[in-house]
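The values are calculated or read from the model by the stated rules, or taken from the named source; none is laboratory data. None of the values given here were measured: they were computed from a predicted structure. Note that each Cβ is placed from the backbone with ideal geometry, even for glycine, and that neighbours are counted across all protein chains shown.
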């Protein structure tokens, strides 16, 4: 009898030695003369348990982790192929509370299937959405996406359906007009990795989502703009795209419908600003990633001047389930105007870091403590940054805020791409504010003055504040500078760098020397 | 002036020039060809020699300034040969929350270089990186294309030692 074993090929699992574990399991199986079928799956997203090895048993998949190369021998000795007990035994994977409490819609298959096997994808409800979409007219597909309430998961939260409709409505009488589908896979925000997990763990869901988008708006060419820091994702995506072509899910006759959609991965080159959609388009065109003025909107004049849908990986990857189960189904998750689920990424100083997909409405506290288990260091969590390097720092008093775009706006914070970075009480928030400016200075495209110059001046002023020079004056100056950047920058890079800076000053004034001496109090 | 002669003035080795010509031929018809072309060149020879800007610009109908502008805009592209291995240390917030600053200091002192520099023996080039998407396993570093998570002093030591041995 052949036993199926799963060892993730997710790059976080690889960063903890998953390849070595997989190799050793294979060798050990040969040595012991037992038949195993080793599948390299994506990660279930419980990274403190990675590399997490799963074994298919009659009762279901059981998990062991974190497995190092030193554990492989004893796993075989204890007959883990039968799902037997072992110090690393975790139980049935699906029954693990961390997973069971989640609502995995976009991530339904991640960690379960072989990411590059199209048969596995189809066996787990893959391509159901495309099958439905292929017989619909574009407007009806767009209608489903609009009804679902899906908003751009890259961070800006713009309604996806409206964006698609704008592209659909361009050149309504010219079916051959060139339009493009562009996937923003330049996931540069610190604390985020959900795009990476999808691309490495279930690339077909992204491919399917983009194909549906193409059919909906009448675009025949898609590009995935992938950050160069993700070499493993590049490999999986290319493998999956090639398999999709072979199986007739990409190319000039999708599912025998006569409809065409071609897809290609393009590598970015390490510029954070290229996550901004217009500079991404410039980069795809082979230019410097300089932000464009808007209007014209990319939906009307995008890539090479043609109507273009630009969506984040998670937005596209959520489309297949919407087309499979209907906009109404998806809309029933969530709260307020934030519909559906959000793949949340727990990161930084957190005991149980990983991917939590939940309907909007869960609070930060639930995420940080019920899922996250508190800080990794065991010290109190003092601050969390939500939404990447341009997101605000939140103090403990705001941990009861529910994850909802509007609720976060009310407290002058953003959800962004759903990354949550925890810091314990050793963090110096003045240094984090300085870093926010520094990062902006490193990554600014240079087109607008507030961002290009403001960021560098910000570092200088923060250095003075940290050194205690002209304290009151410099706190006022950094607020004034932030105001200029906030209101005068061309895109979110300069325009949102004040979020981490000002939130740090406002919520953690003691780190800036405010309130600790009478002179500073005036600030 | 024939291209052959221009090439000699560039001061670029014949073998490298031929490789670059091959990459240009393979990419010239691609829409938005410049980035894929630059990636292909750097993947192959490790950097993008400034001497090839002229050839690239001619074949893509760009100015030399445009090619130069693109190469220098992106952190990923380099115009000089790096060390045998490239070590990038993540400087982003998540890794900072788990002590990446200490790793940065340690790497710099161990290698005797600052960021964007190469060790004297030519074995390792040190670069900063802003997020590797390994934020649940911070702090993270990447040696060439292998990411490492939960890196401590001991592991960093081992990563550096291994790279030096294979340099």
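Worth pointing out:
- Checking each residue in region A:277-299 for being surrounded by 18 or more Cβ atoms within 10 Å (Cβ to Cβ), part of a loop (DSSP other than H, G, I, E, B) and away from chain B (no Cβ under 14 Å) picks out A:292, A:298, A:299.
- Members of region A:29-60 that are crowded, with 17+ Cβ neighbours inside 10 Å and more than 14 Å from chain B (Cβ to nearest Cβ): A:29, A:36, A:39, A:40, A:41, A:53, A:54, A:55, A:56
- Checked against the criterion of being at pLDDT 95 or above, surrounded by 21 or more Cβ atoms within 10 Å (Cβ to Cβ) and out of contact with any strand residue (DSSP E or B) (no Cβ under 8 Å at 6 or more places or on another chain), region B:120-130 contains not a single residue that satisfies it.
- Hey, residue A:126 touching a residue at least 12 places away in the same chain (Cβ under 8 Å), assigned to a loop (DSSP other than H, G, I, E, B) and in contact with a helix residue (DSSP H, G or I) (Cβ under 7 Å, 6 or more places away or on another chain) or not: yes
- Residue list for region A:460-509, filter: farther than 20 Å from residue A:415 by Cβ, out of contact with any helix residue (DSSP H, G or I) (no Cβ under 6 Å at 6 or more places or on another chain) and part of a helix (DSSP H, G or I): A:460, A:463, A:467, A:473, A:475, A:476, A:479, A:480, A:483, A:487, A:509
- Residues satisfying the stated conditions in region B:117-138, i.e. closer than 24 Å to residue B:78 by Cβ, within 13 Å of another protein chain (Cβ to nearest Cβ) and in contact (Cβ under 8 Å) with a residue 12 or more places away in the chain: B:127, B:128, B:129, B:130, B:131, B:132, B:134
- Unique residue being surrounded by 24 or more Cβ atoms within 10 Å (Cβ to Cβ) and more than 26 Å from the chain's Cα centre (by Cα) when the list is A:76, A:80: A:80
- The condition (being more than 22 Å from residue B:73 (Cα to Cα), without any contact (Cβ under 8 Å) to a residue 12 or more places away in the chain and crowded, with 16+ Cβ neighbours inside 10 Å) is satisfied by just one residue among A:473, A:407, A:464: A:464.
- Test: residue in region A:235-250 that is modelled with pLDDT of 95 or more, under 17 Å from the mean Cα position of the chain (by Cα) and at negative phi: yes
- Leading residue by the ranking (farthest from residue B:128 (Cα to Cα)) among those in region A:300-325 that are crowded, with 23+ Cβ neighbours inside 10 Å and within 12 Å of another protein chain (Cβ to nearest Cβ): A:303
- Total residues in region A:340-361, condition away from chain B (no Cβ under 14 Å) and outside any strand (DSSP E or B): 3
- From the list B:86, B:48, the one residue that fits, being closer than 16 Å to residue B:24 by Cβ and touching a residue at least 12 places away in the same chain (Cβ under 8 Å), is B:48.
- Candidate set: region A:416-440, residues that are under 28 Å from residue A:514 (Cα atoms) and away from every other protein chain (no Cβ under 12 Å); chosen: the one surrounded by the most Cβ atoms within 10 Å (Cβ to Cβ): A:437
- The set of residues in region B:69-112 that are within 13 Å of chain A (Cβ to nearest Cβ), outside any helix (DSSP H, G or I) and over 29 Å from residue A:288 (Cβ atoms) comprises B:97, B:98, B:99.
- Tally, over region A:386-401, of residues that are within 14 Å of another protein chain (Cβ to nearest Cβ) and either crowded, with 23+ Cβ neighbours inside 10 Å or part of a loop (DSSP other than H, G, I, E, B) (or both): 8
- Here residue B:7 clears all of (1) at pLDDT 95 or above; (2) surrounded by 13 or more Cβ atoms within 10 Å (Cβ to Cβ) except the condition numbered (1).
- For region A:10-39, filtering for residues that are part of a loop (DSSP other than H, G, I, E, B), in contact (Cβ under 8 Å) with a residue 24 or more places away in the chain and out of contact with any helix residue (DSSP H, G or I) (no Cβ under 7 Å at 6 or more places or on another chain) leaves 2.
- Checking each residue in region B:40-68 for being under 11 Å from the mean Cα position of the chain (by Cα) and within 10 Å of chain A (Cβ to nearest Cβ) picks out B:42, B:43.
- Condition broken by residue A:412, with the remaining ones in (1) on the phi > 0 side of the Ramachandran plot; (2) away from chain B (no Cβ under 13 Å); (3) in contact with a strand residue (DSSP E or B) (Cβ under 8 Å, 6 or more places away or on another chain) satisfied: (3)
- On the stretch given as region A:64-73, residues that are buried (at least 18 other Cβ atoms within 10 Å of the Cβ) and part of a helix (DSSP H, G or I) total 1.
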